[in-house]
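Trainee: Dropping the structure in here first, questions after.
Just so it is clear, none of the values below were taken in a lab; they were calculated from the coordinates. Here the structure is a predicted model, which means the values were calculated and not measured. For neighbour counting, all protein chains shown are included, and Cβ atoms are generated from backbone atoms with ideal geometry for every residue, glycine included.
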There are 2 protein chains.
Amino acid sequence: MTYCLGLINRFGMVMGADSRTNAGVDYTSAYRKLFDYSLPGDRILILCTSGNLAITQAVLHQIDRDIQRDDGEHLHNIATMHEVATYIGGKVREMQEKDRPWLEKDGIDFQCNFLLGGQIKGEPHQELYLIYPQGNFIQATKETPFLQIGETKYGKPLLDRTITYDTPLEAMAKCALLSIDSTMKSNISVGPPINLTMVEANHFSVRHTLQLRLGDPYLAKMRSLWESYVRQAFESMPNVEWEANQIDSGEDVLID
Amino acid sequence: MTYCLGLINRFGMVMGADSRTNAGVDYTSAYRKLFDYSLPGDRILILCTSGNLAITQAVLHQIDRDIQRDDGEHLHNIATMHEVATYIGGKVREMQEKDRPWLEKDGIDFQCNFLLGGQIKGEPHQELYLIYPQGNFIQATKETPFLQIGETKYGKPLLDRTITYDTPLEAMAKCALLSIDSTMKSNISVGPPINLTMVEANHFSVRHTLQLRLGDPYLAKMRSLWESYVRQAFESMPNVEWEANQIDSGEDVLID
């Protein structure tokens, strides 16, 4: 499994990913899932991947080959983020066309998802896309300024409660890290190293990158601190008011 | 969708459930999913249900009919909780045998899960079971003193962080309510009324029951209070320490 997320708002963008890949529970390994295709000074392009590793690696290989050949459109000459998303969706479709019949025969999951975040000089603001296995895509908006791929559920309640279009950039980074850590705690198939990247709006170089490895003392410190704060929050809550909300006996009971 | 959970430890047991049932997103309705089959003074038996509503209702009907006929084993004369779980698993298998071929033909999901919590006089402690659509079951243990069915992921991080075998009973109830509310916030297919029941260990009558309906001001108060405490906890966390954990450029990069 995988957990990747992107957060974007008026102040900038944060993208993060775990690194655990598994084929069943008895074969897990670490593969990087966050890739920086930026061209400093001209464009920021961050990609995160989830799903079938052979397919996502093949798509990245195609992307890379096109940049090296430089004889057609590629990630370093396409003019808008929307076109970059279309280009990557096209690569996904090519790989699906090529490999899917072979995978389908043996019942192997051929799904893959990409997050694409960035900004190209001349465009008014950063953009964040989720590209589906079918090659089409959606874009994050002011109303829901984040997108997730992979094991998305454990880490979503914290995002729902803290992230808005006006959240400061450093708070978004903190939230991304805690969202990944919550997912790791509840699902063993999501694991370190964690990669995290932060880019200010209208800046064309990455502001910060970070990698936290297995057993990293900083990660352990953040987790234990967060757990103690969550427990404090929990203890501050009043107990359940049973009396005021008592059920009338038998009411709404289907079988009586 | 559905979210039900049971928590059990040295002090007692809490069980809770939402009430939303949907056939697609365009047909939702409210059905109770928490049922009290206790025989005060002799036994506590609380059931929660998830999955195919026709199958879970049919199983409950069978359970009820057996109690009324009183000419064989039923929920009010079986001697141990383990045998009650076996009995319910048997009813699930009967219904699956009867209906599954008809549902399978039309690609309809025939899965259903039950939580069973309680204690029968003469037994040393309360027990909590999760009964699978296949009729077999697992039991909650001291190490993981809770079980969930339905949409389990959004509400699990809070349980993982707060519930142990030594958590006071009132705190377990509070945690169950917040876990259900977190799930409702992140998944629209889980919704009120919420039912919650609390039973002390070695007590053979239900200590508290509660029902919270859609738009209940108490539920709204609890949610907004919890959100403000979670935000406080989040704001208390230090910002990400980027510098100390900076990635070496190119390190671990698959494609460069």
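Trainee: With all distinct Cα pairs included, what does the Kirkwood hydrodynamic radius of chain B come out to in Å, to one decimal, could you say?
Mentor: 19.8
Trainee: Could you give the length gained on full extension between residue A:237 and residue A:111, defined as 0.36 nm per residue of separation minus the Cα-Cα distance, in nm?
Mentor: Additional length available on full extension: 41.2 nm.
Trainee: How far is residue A:105 from the same spot in each other copy, in nm, shortest first, if each label point sits 7 Å from Cα toward Cβ?
Mentor: Output for residue A:105: 3.4 nm, nearest copy listed first.
Trainee: If you place +1 on the Cβ of every Lys and Arg and -1 on the Cβ of every Asp and Glu, how big does the dipole about the Cα centre of segment A:44-169 come out, in debye to the nearest 20? Could you put the intermediate results ahead of the total?
Mentor: Numbers: 12 positive and 18 negative charges, 52 e Å.
Around 260 debye, computed over segment A:44-169.
Trainee: Still on this structure, please answer the following. Summing +1 for each Lys or Arg and -1 for each Asp or Glu, what net charge is found among the other residues whose Cβ lies under 10 Å from the Cβ of residue B:4?
Mentor: -1
Trainee: Next question, about the same structure. I'd like the FRET efficiency for residue A:216 and residue B:98, computed as 1/(1 + (r/R0)^6) with the beta carbon distance as r and R0 of 60 Å, rounded to 0.05.
Mentor: 0.65
Trainee: Quote to one decimal, in nm, the extra length available between residue A:69 and residue A:244 on full extension: 0.36 nm per residue of separation minus the C-alpha distance between them.
Mentor: Length gained between residue A:69 and residue A:244: 55.9 nm.
Trainee: Still on this structure: With +1 on the Cβ of every Lys and Arg and -1 on the Cβ of every Asp and Glu, and nothing else charged, how large is the dipole of the protein assembly as shown about its Cα centre, in debye rounded to the nearest 20? Display every interim value, and only then the final one.
Mentor: Details: 48 positive and 68 negative charges, 72 e Å.
So the magnitude is around 340 debye.
Trainee: Most mobile of A:218, A:132, A:31 per a Gaussian network model of chain A (Cα springs, under 10 Å)?
Mentor: For chain A, modelled as a Gaussian network with Cα springs under 10 Å, the answer is A:218.
Trainee: Further question: Given the options B:86, B:62, B:137, identify the residue whose Cα lies farthest towards the positive end of the charge dipole of chain B (+1 on Cβ of Lys, Arg; -1 on Cβ of Asp, Glu).
Mentor: Going by the Cα projections, it comes out as B:62.
Trainee: Also: Can you list, by residue number, the Cys in the protein assembly as shown that have no neighbouring cysteine C-beta under 4.7 Å?
Mentor: A:112, A:175, B:112, B:175
Trainee: Given the pairs A:185/B:156; A:153/B:185; A:185/B:185; B:33/B:91; A:153/A:185, which are separated by over 19 angstrom at their Cα positions?
Mentor: From A:185/B:156; A:153/B:185; A:185/B:185; B:33/B:91; A:153/A:185, over 19 Å: A:185/B:185.
Trainee: Next question. Excluding residue A:239 itself, what net charge comes from residues whose Cβ is under 10 Å from its Cβ, given Lys and Arg +1 and Asp and Glu -1?
Mentor: That works out to -1.
Trainee: Then there is this: Using alpha carbons only, what's the Rg to Rh ratio of segment B:1-91 with Rh from Kirkwood? Before the final figure, lay out the partial values.
Mentor: Details: Rg = 14.5 Å, Rh = 14.6 Å.
Reported Rg/Rh, Kirkwood definition of Rh: 1.00.
Trainee: Let me ask something else. Shortest first, in nm, what separates the label point of residue B:239 from those of the same position in the other copies (7 Å along Cα→Cβ)?
Mentor: Those separations, rounded to one decimal, come out as 4.2 nm.
Trainee: Excluding residue B:54 itself, what net charge comes from residues whose Cβ is under 13 Å from its Cβ, given Lys and Arg +1 and Asp and Glu -1?
Mentor: On the way: positive: B:98, B:100; negative: B:99, B:106, B:109.
Taking every Cβ under 13 Å from that of residue B:54, the sum is -1.
Trainee: Using a Gaussian network model on chain B with a 10 Å cutoff between Cα atoms, which of B:53, B:116, B:196 fluctuates the most?
Mentor: Of B:53, B:116, B:196, the Gaussian network model singles out B:53 as fluctuating most.
Trainee: Return the tail of the calculated pair distribution for the protein assembly as shown, meaning the percent of Cα-Cα pairs more than 32 Å apart. Mind showing how you got there, number by number?
Mentor: Working: 63687 of 130816 pairs.
Roughly 49 percent, once rounded to a whole number.
Trainee: Given +1 on the Cβ of Lys and Arg, -1 on the Cβ of Asp and Glu, and no further charges, what dipole in debye does chain B carry about its Cα centre, rounded to the nearest 20? Don't jump to the answer; show the numbers that get you there.
Mentor: On the way: 24 positive and 34 negative charges, 203 e Å.
That gives chain B a dipole magnitude of about 980 debye.
Trainee: Once you sort the root eigenvalues of the Cα gyration tensor of segment B:78-209 as a ≥ b ≥ c, which label holds: rounded (a/c under 1.5), prolate (a/b larger than b/c) or oblate (the other case)?
Mentor: Cα axes put segment B:78-209 in the oblate bin.
Trainee: Apply 1/(1 + (r/R0)^6) to the Cβ-Cβ distance of residue B:134 and residue A:166, taking R0 = 56 Å, and write down the FRET efficiency to the nearest 0.05.
Mentor: It comes to 0.70.
Trainee: Between residue A:80 and residue A:143, take the C-beta separation as r, use R0 = 22 Å, and let me know the FRET efficiency to the nearest 0.05.
Mentor: On the way: r = 22 Å, r/R0 = 1.01.
Working from the Cβ atoms, E equals 0.50.
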